[in-house]
Every structure is written in C-alpha cells, then in structure tokens.
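Take a look at the structure below.
The values are calculated or read from the model by the stated rules, or taken from the named source; none is laboratory data. Note that this is a predicted model, so its numbers are computed, not measured. Here the Cβ positions follow ideal geometry from the backbone for every residue, glycine too, while neighbour counts run over all protein chains shown.
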Amino acid sequence: MTGDTTAGDTTAGDTTAGDATAGDATAVDTLIDHRQVRRAIEHYYEQGFTDGLPVVPPTESYLAEFLAQVDRSPDEVVATMPHLNRQCTVRVAAINSIMAGCLPEYFPVVVAILDALRVDVGARGATRFSSGLWQSTTGTVPITVVNGPVRLRLGFNCQGNIFGPGFRPNATIGRTLRLIALNALGLKPHVLDQSTQGTPAKYTCCVAENEEESPWEPLSVEAGYGPDASTVSFMMMRSTMHIEARSATRPEHLLNDVANSVGRTGVLYSEKTACLVVVSPEHAQLLASQGWGKNDVKEYLAANAQCTREALERAGKTGISRDMHWLVPSDHPDALAGEEPHFELRGGTEVHHVLSSPDDVVVIVAGAANAGVSTVVELMGGSSAPSGRGGGRVPAMSEILLRGASA
Amino acid sequence: MSVCTDKFRMTAEAMARLHGFEGYRFVTVAHPIASLELPELANLAAGALDEVLAILGVTR
C-alpha cells in the first residue's frame, strides 16, 4: 500500500469532522476501504513517523507528482546534520511533505527552505542545520517567512491569524520542516531533541508577508531580490510576544512598547538577543505615515531595547559565566570575577542594551489591518547573516523556483 | 572523557550510537548543576571521581 516510501533518513472511524458539509466525507467510503485508510494511518504512528497528528500516507505515484515539481535529483542531499551523522534527500523531503499534507505544487517551497538552511552563516562554514540549536533545551524552532508572488499563487495566508490555523500552505509547509527534523534528522523529543518545554510553533510556523498592505519594501527586496522573485527566509525563534498598542498615535510610543518587550530580562541567557518584529499593517501605516522606514525602526529598537541594572540584579543576571558567557548571579560559582554586562548611564539610570546593532532586528509586515496588534518574535542568537544579494544583513534566504511558470 | 547530568543520559547514548560508539562509557552526575553552590559542586565531583578514573583506566 505504501511501497518503500519510508519517511526516515537515507542513511539509515468516523469520517465526519464537524459541520454538515464536512459530513460529505462519508462519500469517500464508496471509493476506498475505510479500514485500509485507518491501517495506513496507524502504520505511520507505529513507525514513529508522526508529530502526534495523523499523517497522509504516501504512495509511489503521489511521490512522483512531488518530485516532478523540482529540477533536482531525488537522491540529492538537501539537508545534513553532520554532528548527528544524519541527512535528508530530495526524495525523503518529498515523502515528508506528503505526510504533512502538502500539495505537490508546494514542494518547490519546501526545497527552497532546505536550500536556505544550507546558507553559510559564519566564517567557520556553519549552516543552520549544523547548529545544535535544533536540539536546544530552549526549544528553538524554525520560522520561515514567504515573500513574492508565490504567496498569492499558492494561497498563503498573510492577512489575519497569521500564526494560527486554517490555511493549507502555511500549515503543511511548516509542518513538513518539523517532520523532516523528526524523521530524517532523528530529532525525536526526549532523545535528540532536548527541549525543556518547546513551543506550539514546533508543530508548524510558516508566515507570509502582507506585501499588499505594507508601506515598505518586502523582506525579499530588502535582501536584493527583484519584486517578482518569490523567496523563503529562515530564522530560529524562541517565542512570540504580543504587542498590544491599539491606541498608539506616535511612532515613539509604539516602538517604546516594542523595545520594552524586546528588552525583558527573561529572554536573556547571554548579554544580547535578536528579534523579528512582525508589524501589523495598522502599525506599519502609523509608522510610515510619519516618515519612518524599516531601517528607522531597526535603529530605534537597537538604541532603546534595554533593561536596567536594577532589573538584571533582581533577576540575578549581573554576572557572566566563565566559558559560555551566560548571565548568572554575580556570586555564582561560575561567574567571572569583576565581569558584568555592559551598562551605560541614561537619564541617571544604568541600562544595558540587549541588541548589538540594528542588524539584529528583522522587520516584516503581516496580519490583518484590523487592530494595533503586532508581534515580537524572539530569535536565538544573531538573526542575520550577510546573505543578501545587495550585501545586506538579512536572514538566511533562498529563491523559490517553480517549474513551468514564473513564481 | 565525557561527564553530563543524568537528565541527558538518553541523549548522550543516542549521540554515541549515531557515531558508531554503541556502549560508549561516560559519567553522569545528578541534575541540575547550573544552580548549585560551590561546595555542592565539589561534592558531586568527588562522588564521580572513582567512576571517571575507572573509565580512564586509572586505579587508586
């Protein structure tokens, strides 16, 4: 029934779902044997190939439809995790895409994400996949941002409930990445995934920029791609934080609200953090109408995202540990004598800036234009790398190449 | 010679397996260590010493 479409690495009842229209699914019973469907679904649970939710059983014929969407060899390795001795081929990525519920035409997006993950992010040749962040106790999780015409062509949601359910491309493409991590790379919870608590975004987290209601250039254009290019960007996130600023009328008020959230002590395991600010269209219009561009937002946040010495002292984070340079109590056994975060005097108060530079802020516009609600996505480590075509510092990014048509 | 806390035993064993070192010997100590005071850490280290030396092939 499922052939040899295994989901792992290459090295190694009731059909009604809700309302009356969903009840029409019973019609499927006349076409296929329900017990066979149930057996296939249970098979994948038994193999440990799911994220806890049922998966779509792959077949060789359906797999061929996915592979036909890209000009890549099925055996090409598109993801490697050398420190775990694991890898993922195009074929295995396609199998996991099927299982996640993707349509075949989504597969080029999946491949582009995997390509973005291989973008060199450091002088030592590190890539996003070679990072231990995928196994971190923090529970770090990938977030991908989709830009360009592909959003409209495939029906990505970018206009409301962008972190929520209801839209197949966002839900299934994000889920594919998690299934690849689980099945191809072996990052199973309690074993190689050491997350202490994780985040709901571990199921799926794929957002698209609301370019139509943004006053600013899209992230892809900022990175040097043309306006007709479709791209995916990739970042490692920790959590999302709502910014409730429904009555803001001045950019400084809004951005101080954001900066106060970015600079919370709880986010700091080391001296610095990074963030993706998902600005709602209403907030973006407020900023742009008073002459603020993306770079102005980044510079303002870098200058104002801070916490006071008193706040860090109350949180026991004014010492710096010996090897990891984590923030620890100043009297901690591992604290370096005489070392502390950098403070500067501002308005008579000692403050610590939590962002190294504007480069550690990524700005996109997404969501509905119905309220002054934005989101700060806390990122792990530096968010950006010099991967932009224009030499700019942007997240790891790759172009989506759709076969037979302009993306 | 690797030392980790007992909460990471399963991960450490899996890592060893992935690299072809099934049964690789390492030492575990009680979790946690990040929030211990120096005397408590010293006690943990002293308690683990015999096992560390045994793995290294040292007899006292």
When (1) under 15 Å from the mean Cα position of the chain (by Cα); (2) modelled with pLDDT of 95 or more; (3) crowded, with 24+ Cβ neighbours inside 10 Å are applied to residue A:141, the one that fails is (2)
When every residue in the range B:8-35 that is within 9 Å of chain A (Cβ to nearest Cβ), out of contact with any strand residue (DSSP E or B) (no Cβ under 9 Å at 6 or more places or on another chain) and over 19 Å from residue A:196 (Cα atoms) is compared, the one surrounded by the most Cβ atoms within 10 Å (Cβ to Cβ) is B:19
Does at least one position in the range A:179-186 carry a residue that is away from chain B (no Cβ under 14 Å), on the phi > 0 side of the Ramachandran plot and at pLDDT below 95?
no
Out of (1) surrounded by fewer than 20 Cβ atoms within 10 Å (Cβ to Cβ); (2) under 19 Å from residue A:144 (Cα atoms), the one residue A:223 does not meet is (1)
Per the filter on the range A:172-189, residues over 12 Å from the mean Cα position of the chain (by Cα), in a helix (DSSP H, G or I) and not polar (S, T, N, Q) are A:179, A:180, A:181, A:182, A:184
Of (1) within 14 Å of chain B (Cβ to nearest Cβ); (2) within 19 Å of the chain's Cα centre (by Cα); (3) surrounded by 20 or more Cβ atoms within 10 Å (Cβ to Cβ), residue A:192 satisfies every one except (2)
- Does residue B:46 satisfy being among the small types (Gly, Ala, Ser) and more than 27 Å from residue A:331 (Cβ to Cβ)? no
The residue that is farthest from residue B:20 (Cα to Cα), considering only those in the range A:77-116 that are within 14 Å of another protein chain (Cβ to nearest Cβ) and not polar (S, T, N, Q), is A:81
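Here is a yes/no grid of residues against (1) among the aliphatic types (A, V, I, L, M); (2) within 30 Å of residue A:212 (Cα to Cα); (3) surrounded by 20 or more Cβ atoms within 10 Å (Cβ to Cβ); (4) out of contact with any Asp or Glu (no Cβ under 8 Å at 6 or more places or on another chain):
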{"site": "A:305", "(1), (2), (3), (4)": "yes, yes, yes, yes"}
{"site": "A:312", "(1), (2), (3), (4)": "yes, no, yes, yes"}
{"site": "A:320", "(1), (2), (3), (4)": "yes, no, yes, no"}
{"site": "A:326", "(1), (2), (3), (4)": "no, no, no, yes"}
{"site": "A:343", "(1), (2), (3), (4)": "no, no, no, no"}
{"site": "A:346", "(1), (2), (3), (4)": "no, no, no, yes"}
{"site": "A:350", "(1), (2), (3), (4)": "no, no, no, no"}
{"site": "A:373", "(1), (2), (3), (4)": "yes, yes, no, no"}
Practice item. Return a yes/no flag: does the range B:39-57 have any residue that is within 27 Å of residue A:319 (Cα to Cα), away from every other protein chain (no Cβ under 13 Å) and in a strand (DSSP E or B). Key: no
Apart from one, (1) at pLDDT 95 or above; (2) surrounded by 20 or more Cβ atoms within 10 Å (Cβ to Cβ); (3) more than 25 Å from residue A:161 (Cα to Cα) all hold for residue A:265; the odd one out is (2)
Of (1) at positive phi; (2) over 18 Å from the mean Cα position of the chain (by Cα), residue A:222 satisfies every one except (1)
